[in-house]
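Scroll down for the structure; my scribbles are underneath it.
The values are calculated or read from the model by the stated rules, or taken from the named source; none is laboratory data. Small disclaimer: the values here were computed from a predicted structure and weren't measured. Here Cβ is always computed from backbone atoms with ideal geometry, including for glycine, and neighbour counts include all displayed protein chains. Keep in mind that these areas ignore ligands, DNA and RNA; they rest on the heavy atoms of the full protein, side chains included. Shrake-Rupley method; radii C 1.70, N 1.55, O 1.52, S 1.80 Å.
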Amino acid sequence: MNYLLNNWSFDPFLVAAVLVAAWHEAGLWQLARRSRPERTRQRRLRSACFYAGLAVLLFATESPIDYWSDDYFFVHMIQHLLLMFAAPTLIAAGAPWQPLLAALPARLGRAATRGVLAGGWSRPLRAASGFLLRPWVSVVLFNAVMIAWHVPALFDLGENNQAVHIWLLHGSFLAVGLLFWLQYVPSPPFRRRMPLTSRAAALLGTNAVMIMLAMALSIFSRTSVYPVYNHLPGVILPPFADQQIGAAILWVCGDFWALPTLIVIIRQIVGSEGGLSATLDRGLRRRPARWPQPRPAAGLTPDRRLVTMRSSRQVPRHGADTAQAARAADARGAASDPNRRAWILAAAVAVAVILIAGLVTLVVAVRRHDAGALAGQRPSGIPASVSLPTINLMGLSPVPARAAPGFRFTDQDGRTLALSGLRGKVVVLEFMDPHCTDICPLVSQEFVDAYHDLGKAAGQVVFAAVNVNQFFNRVSDVAAFSNEHQLGSIPGWHFFTGPVNSLRAAWRGYGVAVAVPSRNADIVHTSVIYFIGPDGRERYIAAPMADHTTAGTAYLAPGQIASWGRGIAQVADSLVP
């Protein structure tokens, strides 16, 4: 529940959305004064869709979805789908354009409308909007933007630069989403100019692009392709598993949104004049087949023969002139059809080339990243004394050298210490549960091994843990755990505990998530080791690991525990001045 109730943001975007909604209401009121009651009711119903679209937009950017998208790729995919599919669809269905314009003062509104629709200064704007609203332009832009922002270099740029992330990434997703869904959703005064068959083809093509994108991030990849999600503090979900979940969401939710729309389009095609075959003929600019007309029977009288011929439309009135005009029209159509088909074919080939090139670029980037990872490229910033296998085993990663969040607690010996009081020494900090039977005992053994591996440098290193069990936060609880696992053999060992509110503040400061089902249940918490330099700044993090038997017992092979101990000692020793 804390994941849903906490981490809401209230930035100026919320104020802007409220102002837009108020402006829209003012426009509805102005239009209601000079409209029929039926039109007023229609606008009011559409306005509910517009407000729902604004609510979805706020939910994607203000709720914990935005907060957790910085830590989890799959949450980021949910946010992207809300911005490209849900919010634009509802906004387009709400048709807010006329009410927003009507909210302007009467004289100013007429001048603004006249200037936008016919003014010389707005000619480039009208030309640009006309180009962007062309059906296939909007479809290509939608797919191109979706592919481009998933290229690793651009994706990481958006994650590391908030201005790029908010204004370019989110803004472009919402803009191309609106352009795309205006081709499918009625939104007066915009007219849907794309034929039904073209809408179906564009929807199928877009869904295929989303499936290929999801496959590039899951099936065609063997590692995480976005470095920004690697080894984030407090995140225990492996980056590649996170990426696979995000790819599945992109795949399934794309189908969830596309298939109902496609069903509606097919029903419209079947219900249109002439049915499916006639719609295909019109889409391909193909003349419908002409069935031979029956000849009148020889025994009919001239009058009855004329009636029969007219009813079958074999020789209508002024038959010679009409037949000649039809032949001329057919000749013009035959002459224009090849040109039109050539342009359609050229446009389809261009669209296919652009989208295939984008997908190939993404797949190549993914494969290059995989090749680099599998070739054993060493991450930068790691001490040279730590081998590459140990780095991979520990999930070791450098972090920005920020000041470690301070705290003041009591240790297992009843001594009250502050983190700042350990300045001048290297601090290896973990978060443990004194009643843990899973990973905490393994980390304890690794700490003991690391202390022995440090040798002479051991006096310059402090091993510490902060209690994550709010039900067992007494000094006797942490002392019992320390004695059980021989942590007391480390002279610089401190298992800190304290009031629950103070412990929670420390958990939040270090990004440690703690789930407490009940007093007697296992505490589920983030397991992360922080390496803090003598200057009190965070330098590295590692992600402890454990295997489990079929009975659920946690274990690590003795060789792995020893490797962990050596790795912790090597990293800590590299920070000793």
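Conditions (1) of a type in the set (F, W, Y); (2) open to solvent by 50 Å² or more (accessible area, probe 1.4 Å), marked per residue:
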| position | (1), (2) |
| --- | --- |
| A515 | no, no |
| D535 | no, yes |
| Y540 | yes, no |
| T549 | no, yes |
| T553 | no, yes |
| P558 | no, yes |
| S563 | no, no |
| G567 | no, no |
| V571 | no, no |
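Being of a type in the set (G, A, S) and free of Cβ contacts under 8 Å to residues at least 24 places away in the same chain is true of G552.
Yes/no per residue for (1) part of a helix (DSSP H, G or I); (2) touching a strand residue (DSSP E or B) at 6+ places or on another chain (Cβ under 9 Å); (3) closer than 21 Å to I269 by Cα:
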site: F155; (1), (2), (3): yes, no, no
site: S172; (1), (2), (3): yes, no, no
site: Q183; (1), (2), (3): no, no, yes
site: A200; (1), (2), (3): yes, no, yes
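Within the range 521-577, the set of residues being touching an Asp or Glu at 6+ places or on another chain (Cβ under 7 Å), closer than 22 Å to L237 by Cα and of a type in the set (A, V, I, L, M, F, W, C) comprises I523, I529, A546, A554, L556, I561, W564, I568. Determine which single condition I65 fails, assuming it passes every other condition in (1) closer than 30 Å to S224 by Cβ; (2) touching a residue at least 24 places away in the same chain (Cβ under 8 Å). With respect to (1) closer than 30 Å to S224 by Cβ; (2) touching a residue at least 24 places away in the same chain (Cβ under 8 Å), I65 is out only on (2). Failed condition for D66, given (1) in a helix (DSSP H, G or I); (2) of a type in the set (D, E, K, R); (3) under 16 Å from W149 (Cα atoms), with all others met? Answer for D66: the failing condition is (3). Of the residues E430, E446, E484, which is of a type in the set (D, E) and open to solvent by 40 Å² or more (accessible area, probe 1.4 Å)? Exactly one residue qualifies, and that residue is E484.
Quick grid of which residues meet (1) touching a strand residue (DSSP E or B) at 6+ places or on another chain (Cβ under 7 Å); (2) at pLDDT below 90; (3) surrounded by fewer than 18 Cβ atoms within 10 Å (Cβ to Cβ):
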{"position": "A48", "(1), (2), (3)": "no, no, yes"}
{"position": "A52", "(1), (2), (3)": "no, no, yes"}
{"position": "F59", "(1), (2), (3)": "no, no, yes"}
{"position": "M84", "(1), (2), (3)": "no, no, no"}
{"position": "A92", "(1), (2), (3)": "yes, no, no"}
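For the range 147-196, the tally of residues that are open to solvent by 70 Å² or more (accessible area, probe 1.4 Å), among the aromatic types (F, W, Y) and out of contact with any Phe, Trp or Tyr (no Cβ under 9 Å at 6 or more places or on another chain) stands at 1. In the set (1) of a type outside the set (D, E); (2) at pLDDT 90 or above; (3) within 27 Å of H150 (Cα to Cα); (4) out of contact with any Ser or Thr (no Cβ under 6 Å at 6 or more places or on another chain), H76 fails one condition alone, (4). Considering only residues that are closer than 16 Å to A60 by Cα and of a type in the set (S, T, N, Q), look in the range 147-187 and name the one that is modelled with the highest pLDDT. Selected residue: S172.
When every residue of the range 228-238 is checked against the conditions, none turns out to be aromatic (F, W, Y) and either open to solvent by 30 Å² or more (accessible area, probe 1.4 Å) or under 30 Å from S47 (Cβ atoms) (or both). For the range 216-245, residues that are under 22 Å from R508 (Cβ atoms) and modelled with pLDDT under 75 total 7.
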